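Here is the structure we will look at.
The values are calculated or read from the model by the stated rules, or taken from the named source; none is laboratory data. Quick caveat, the model's predicted, so the values are computed rather than measured. Please note: Cβ atoms are built from the backbone with ideal geometry, for glycine as well, and neighbour counts cover all protein chains shown. In case anyone asks, the SASA skips ligands and DNA or RNA and just uses the protein heavy atoms, side chains included. Shrake-Rupley method; radii C 1.70, N 1.55, O 1.52, S 1.80 Å.
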Amino acid sequence: HPDFRLELLAQAKANHYISSSQPGLSFRSKYPQEFENLFTTTKTGRAVFCRPIKAVDEDQLRSFFHKLSDHSVYLRYFRKLKSTPQRILQKTADLDYGTDMALVMFSLPNAAHHQELVAIAQWIADNHTGIPEIAFQVRDDMQGEGLATFLLERLFAIAKLYGISVLKADVLADNRGMRKVFAKSGVPYTCTTDFGVVSYTFDLNGEIQP
């Protein structure tokens, strides 16, 4: 409830559930529980849980990054990184659900009640163009299981609920997996290539292609 959000934010920081430097953007709006889904992977038939990201996921994001291969990191960030900067972790985990969205996928808890983050998809506001940019990352051992396809479909559907008609994405030309997911999405798009980077623009109001 809005009357208690500032107090809850202070308590969450005091108990180290979230970083003390987080501005608490997620406390500005109600957590969209209606966007939670279960998904069954296409090859192994494993169940994974998909939900909007929460501010408390910052440590999970950090652990997720360190389980990615150097190649996967390069395809996502277009450069080599040994760790994820705190500002990126914080900006990704703590967002205002009223304007932004990031979806995370978790393996279901095992016998030790442990679950791991295996994929993330988000749109990022671009103040220069006004067109939100989408980005994805799937853990190496979960690639090829349909997670990126499912996340893309969910992002498109949620974006339309938010009144967003256009989304964009930049991927490296040799990121064949992500480019294949985009090509099979059914959503009309245009793309241009410049210095090895393919830029996609998706028309969410366009006629869905079979």
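Return yes or no: is GLY196 in contact with a strand residue (DSSP E or B) (Cβ under 7 Å, 6 or more places away or on another chain) and more than 17 Å from ALA148 (Cα to Cα)?
Here the answer is yes, as GLY196 does meet what is asked.
For residues in region 120-156 being more than 14 Å from the chain's Cα centre (by Cα) and part of a helix (DSSP H, G or I), which is surrounded by the most Cβ atoms within 10 Å (Cβ to Cβ)? Even if it seems obvious, please write down each step before you answer.
Narrowing region 120-156 to residues more than 14 Å from the chain's Cα centre (by Cα): 126-131, 140-146.
Still in the running and part of a helix (DSSP H, G or I): 140-142.
Values: ASP140: 12, ASP141: 10, MET142: 20.
Of everything passing the filter in region 120-156, MET142 is surrounded by the most Cβ atoms within 10 Å (Cβ to Cβ).
Filtering region 75-100 down to residues that are in a helix (DSSP H, G or I) and in contact (Cβ under 8 Å) with a residue 12 or more places away in the chain, which residue is nearest to GLN33 (Cα to Cα)?
Applying the filter and picking the extreme gives ALA93.
Those residues that are out of contact with any Leu (no Cβ under 9 Å at 6 or more places or on another chain) and among the charged types (D, E, K, R), I need them from region 152-178; list them, please.
Correct list: GLU153, LYS168, ASP170, ARG176.
Report, by residue number, each residue of region 71-90 that is buried (at least 17 other Cβ atoms within 10 Å of the Cβ) and either at pLDDT 85 or above or out of contact with any Asp or Glu (no Cβ under 7 Å at 6 or more places or on another chain) (or both). Full working, then the answer.
Applying the first criterion (buried (at least 17 other Cβ atoms within 10 Å of the Cβ)) to region 71-90 yields 72-73, 75-76, 84, 89-90.
Passing the criteria: SER72, VAL73, LEU75, ARG76, THR84.
Quick one: count up the residues across region 91-118 that are more than 21 Å from LYS160 (Cβ to Cβ) and at pLDDT 80 or above.
Selection size over region 91-118: 11.
Among the residues of region 25-62, write down those that are of a type in the set (Ser, Thr, Tyr) and open to solvent by less than 50 Å² (accessible area, probe 1.4 Å).
Passing the criteria: SER26, SER29, THR41.
Name the one entry in ARG51, ARG5, ARG28 that is modelled with pLDDT of 80 or more and basic (Lys, Arg).
On inspection, the qualifying residue turns out to be ARG51.
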